[in-house]
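Here's the structure we're looking at; comments come further down.
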Amino acid sequence: MTLAWHSGKREPSATGFFVDHRGTTVTAAAVVADASRITARLADGTVEDMQVLTIDRDRGVALLRPTESFHALPLPLTQNEAPVRDEAATVYVFGNPVGLESTLAQGQVVSRERSWQGRPRLQLSAPLSPANYGGPVVNSRGEVEALAIPAGDQYPQASALNVAVPASQIQALLSDGADAPPPETSSGPRPRSW
């Protein structure tokens, strides 16, 4: 999905993905931190208003949900509890760079042992642009390994540094109780795709 946020100055876009059937959406915290309104354009062209459930700046993750209830088709988070040591594993980053919706970039995990602002990060060779931020980093089994995020000002000299939040950090945020009940509507759930 393509996320657009409105802050009064500009309407940039980024990416997000569903993690449950109720439409809970994961994106990068930096994507929505200052937004006054967030909309999501889904693969079928539908535009949904989104509400913020939580923004965890420490983890770099935000959780959203559509303001109206519907049935989403989620992407599964990897359930691998132990860190996988297969550096150079092929991954795919979904996103919407420069308005090119549903773009797929292929790359490799350069390192699973990075730490950024005290949190674990994956370093990727897959090219990222601002509109990829918040997009899923998917392994060859179709599981979300990580969430693409901006490297930010921490490494200004490394313009091609591509980092991602591991799925374990997303799962931890979901487990922390940040997943509020879905909003109620009189029309009932509507099926939607990623």
query: What number of residues within segment 117-133 are assigned to a strand (DSSP E or B) and under 17 Å from Phe17 (Cβ atoms)?
result: 2
statement: Going through segment 49-77 in order, the residues found to be part of a strand (DSSP E or B) and of a type outside the set (A, V, I, L, M) are Asp49, Gln51, Thr54, Asp56, Arg65, Pro66, His71
message: So, in segment 50-66, how many residues would count as being basic (Lys, Arg) and free of Cβ contacts under 8 Å to residues at least 24 places away in the same chain?
response: 0
query: Does Glu184 satisfy the condition of being closer than 19 Å to His21 by Cα, at pLDDT below 90 and surrounded by fewer than 15 Cβ atoms within 10 Å (Cβ to Cβ)?
result: yes
field: Matching residues, segment 48-69, being closer than 20 Å to Gly118 by Cα and either of a type in the set (Phe, Trp, Tyr) or buried (at least 19 other Cβ atoms within 10 Å of the Cβ) (or both)
entry: Ile55, Arg59, Gly60, Val61, Ala62
- request: Please enumerate the residues belonging to segment 139-167 that are surrounded by fewer than 15 Cβ atoms within 10 Å (Cβ to Cβ) and modelled with pLDDT of 75 or more.
  value: Ser140, Arg141, Gly142
query: Which members of segment 23-47 meet the condition of being surrounded by 21 or more Cβ atoms within 10 Å (Cβ to Cβ) and in a strand (DSSP E or B)?
result: Thr25, Val26, Thr27, Ala28, Ile38, Ala40
- prompt: How about segment 19-33: which of its residues are polar (S, T, N, Q) and touching a Gly at 6+ places or on another chain (Cβ under 9 Å)?
  reply: Thr25, Thr27
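The values are calculated or read from the model by the stated rules, or taken from the named source; none is laboratory data. Just so we're clear, the structure is a prediction, and the values are computed from it rather than from any experiment. Cβ sites come from the backbone with ideal geometry, for glycine too, and all protein chains shown count toward neighbours.
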